[in-house]
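Step one of this worksheet: look at the structure below.
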Amino acid sequence: MSAFLMTTIGRATLKNPVLLASGPAGYGLEYEGLVDLGRVGAVVTKTITFEPRAGNPGRRLQETGGGLLNSIGLENVGAAVFFAEKLPALSEAGISAVVSLGAEDWDDYRRLLEAAGRAAVDIVELNLSCPNVERGGMAIGADPELVALYVRHARDALGEATVIAKLTPNAADIVALALSAEQAGADAVTAINTVVGMDIDVERRRPVFGRVRAGLSGPAIMPIALDAVWRISRAVDIPVIGSGGISSVGDALKFFLAGARAVQVGTALFYDPALPAAIVDALEKDGVPPPLP
Ligand SMILES: Cc1cc2nc3c(=O)[nH]c(=O)nc-3n(C[C@H](O)[C@H](O)[C@H](O)COP(=O)(O)O)c2cc1C
């Protein structure tokens, strides 16, 4: 492990700035053996809600030109199982975790934060931006005032923990969301979550997904993510974590040049699970490029 890659986000120090994005990496250990989890700075775990969720029925994934549409609907084991089984398993394996928290409604969110506080979680990422659920998610994340409310509550409930707000690109102005999160006490922001899209099954003459709209990820969204990181990092003083379409070492370097403090690899894990370690190798060799002026 090289000390010069150590990365500070809020009160937390990660051994390097390469993270696995929430969702594709599950609860982390699913990728043991495929991804060298000991090499990455942290695994951002699948978003949990207070109650377990079965997720959306029907089709959940559809490949598109240069991307992937998903409509998972925040399937997760819920807070009790996550904090009793999933998180301890990661820490026993010596893997740093960023715990992704979602909100179906205010009451669910409040109880989830209490559970996270009891578990003395070090770093959380607030997923205020999921496009695939009826309530919560994007409805909260697209409104700067609601973002501030949810961030402030996490800040107050979690004491010393590092609080990261994950932002949606499906909003009028993502920079306004970032400023709002910063003012409410977020230690960092992650940009971006998936971009809303849809697909149609021509044979069956109906939308592919039961909920019609889904979240687009993968290389197709990288220019949107890069633009968001570029603009946000010029507007806020807190670190920006880049997420969206990273599928090569060169892509990751572009995010650092755009102003990101750290990067997350998501969809690319499905076809190139060695990528996160390859990015760490490249950074160890040549260093993290400083942001462009
Ligand atoms: C199958 C799948 C599931 C996802 N689940 C979550 C999730 O639970 N919470 C979250 O914050 N983001 C989730 N995401 C979004 C990713 O974390 C990431 O922000 C987004 O896909 C863009 O990065 P990528 O193009 O590298 O995948 C999911 C993405 C995919 C493809």
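Under a point-charge model restricted to the Cβ atoms of Lys and Arg (+1) and Asp and Glu (-1), what is the dipole moment magnitude of the stretch 199-250 relative to its Cα centre, in debye to the nearest 20?
Working: 7 positive and 5 negative charges, 49 e Å.
Its charge dipole is roughly 240 debye.
Over the stretch 163-293, what number does the Rg to Rh ratio reach, with both radii from the alpha-carbon atoms and Rh per Kirkwood?
Ratio of gyration radius to Kirkwood radius for the stretch 163-293: 1.03.
Dipole of the stretch 8-154, Cα-centred, from +1 at each Lys and Arg C-beta and -1 at each Asp and Glu C-beta, to the nearest 20 debye?
Charge dipole, the stretch 8-154, about its Cα centre: 220 debye, nearest 20.
Could you work out the relative contact order of the chain? I mean the mean sequence separation of Cα pairs under 8 Å and 6+ apart, divided by the number of residues, in percent.
This gives 19 percent for the chain.
How charged is the neighbourhood of Pro144? Take every other residue with its Cβ under 14 Å from the Cβ of Pro144, and add Lys/Arg as +1 and Asp/Glu as -1.
Local charge sum for Pro144: -3.
For Leu101, which sequence-distant residues (separation of 5 or more, or a different chain) have an amide H within less than 5 Å of its own amide H, given hydrogens modelled in the peptide plane?
Close amide H contacts, sequence-distant or interchain: Ile48, Glu125, Leu126, Asn127.
Count charges around Ser91 for me, please; just the other residues with Cβ under 13 Å from its Cβ, Lys/Arg as +1, Asp/Glu as -1. Walk me through the numbers before you get to the answer.
Details: positive: Lys86; negative: Glu85, Glu92, Asp122.
Spelling it out: positives minus negatives among the neighbours equals -2.
Per 5 Å bin from zero, what fraction in whole % of the C-alpha pairs of the stretch 36-152 is there, up to the bin with the longest pair?
Result, from short to long distances: 2, 11, 20, 22, 19, 16, 9, 3, 0 percent.
In terms of solvent-accessible area of protein heavy atoms at a 1.4 angstrom probe, what is the ranking of Leu101, Leu87, highest value first? Could the numbers behind the result be given before it?
Values: Leu101 0, Leu87 30 Å².
Result, largest first: Leu87, Leu101.
Taking the Cα centroid of the stretch 216-293 and of the stretch 1-28, what is the distance between the two, rounded to the nearest whole Å?
13 Å
Could you give each residue of the stretch 256-271 its phi-based ³J(HN,Hα) in whole Hz, using Karplus coefficients 6.51, -1.76, 1.60 with θ = phi - 60°, and x for Gly or Pro?
Using θ = phi - 60°, the values come out as 5, 5, 6, x, 6, 7, 8, 10, 10, 10, x, 3, 4, 4, 5, 10 Hz.
What would the Debye equation give as log₁₀ I(q)/I(0) for the stretch 84-129 at q = 0.24, 0.25, 0.27, 0.31 Å⁻¹, counting only Cα atoms as equal point scatterers?
-0.91, -0.96, -1.06, -1.21
What does the helix-only formula give at 222 nm for the chain: each DSSP H stretch with n ≥ 4 adding -39500 (n - 2.57), the total divided by the residues, and the result rounded to the nearest 500 deg cm²/dmol?
-8500 deg cm²/dmol
Full-extension gain between Val212 and Asp156, please, as 0.36 nm times their residue separation minus the C-alpha to C-alpha distance. Don't skip to the answer; put the middle values down first.
On the way: separation 56, 0.36 × 56 = 20.16 nm, distance 3.67 nm.
Extra length from Val212 to Asp156 when fully extended: 16.5 nm.
What length, rounded to one decimal in nm, is gained on full extension from Arg110 through to Ala278, with 0.36 nm per residue of separation minus their alpha-carbon distance?
56.6 nm
Can you check what the Kirkwood hydrodynamic radius comes to for the stretch 167-208, Cα pairs only, in Å to one decimal? Don't skip to the end; give the middle numbers.
Working: mean 1/r = 0.0801 Å⁻¹.
Across the stretch 167-208, the inverse of the average 1/r is 12.5 Å.
For the peptides 267-273, 176-182, what is the packing order when you average, over each peptide's residues, the other Cβ atoms within 10 Å and list the highest mean first?
So the peptides 267-273, 176-182, ranked by packing, come out 176-182, 267-273.
Taking R0 as 45 Å, what FRET efficiency do you get between Ala84 and Asp201 from their Cβ-Cβ distance, rounded to the nearest 0.05?
Efficiency at R0 = 45 Å is approximately 0.65.
Non-local amide H neighbours of Tyr27 (under 5 Å, H modeled in plane, Pro and chain starts lacking H): which ones?
Result for Tyr27 returns Lys46.
Can you compute log10 of I(q)/I(0) for the stretch 1-67 with the Debye formula, treating each Cα as one identical point scatterer, at q = 0.13, 0.17, 0.23 Å⁻¹?
Values returned for q = 0.13, 0.17, 0.23 Å⁻¹ are -0.54, -0.81, -1.07.
Using θ = phi - 60° and the Karplus form 6.51 cos²θ - 1.76 cosθ + 1.60, what ³J(HN,Hα) does each residue of the stretch 2-19 get, whole Hz, x for Gly and Pro?
9, 5, 6, 8, 4, 10, 9, 10, x, 8, 9, 10, 9, 6, 7, x, 10, 10
Taking the Cα centre of the chain as the origin and placing charges on Cβ (Lys, Arg +1; Asp, Glu -1), which of Leu87, Ile140, Ala282 is farthest toward the positive end of the dipole?
About the Cα centre, the residue reaching furthest to the positive side is Ile140.
Take each of the peptides 50-57, 187-194, 34-41, 241-248, average the number of other beta-carbon atoms within 10 Å over its residues, and list them starting from the highest.
187-194, 241-248, 34-41, 50-57
Using only the Cα atoms of the chain, what are the Rg and Dmax in Å?
17.5, 56
Compute the distance in nm between two label points, each set 7 Å from the Cα along the Cα-to-Cβ direction, one at Ala120 and one at Thr13.
So the two model labels end up 1.9 nm from each other.
If I model a spin label as a point 7 Å beyond the Cα along the Cα-Cβ vector, how far apart are those points for Met6 and Thr64 in nm?
Rounded to a tenth, the inter-label distance reads 4.2 nm.
The values are calculated or read from the model by the stated rules, or taken from the named source; none is laboratory data. Predicted model only: the values in this text are computed from it and were never measured. Note that we place each Cβ from the backbone using ideal geometry, even for glycine, and neighbour counts take in every protein chain shown. When the accessible area is computed, the model is the full protein with side chains, heavy atoms only, and any ligands, DNA or RNA have been set aside. Shrake-Rupley method; radii C 1.70, N 1.55, O 1.52, S 1.80 Å.
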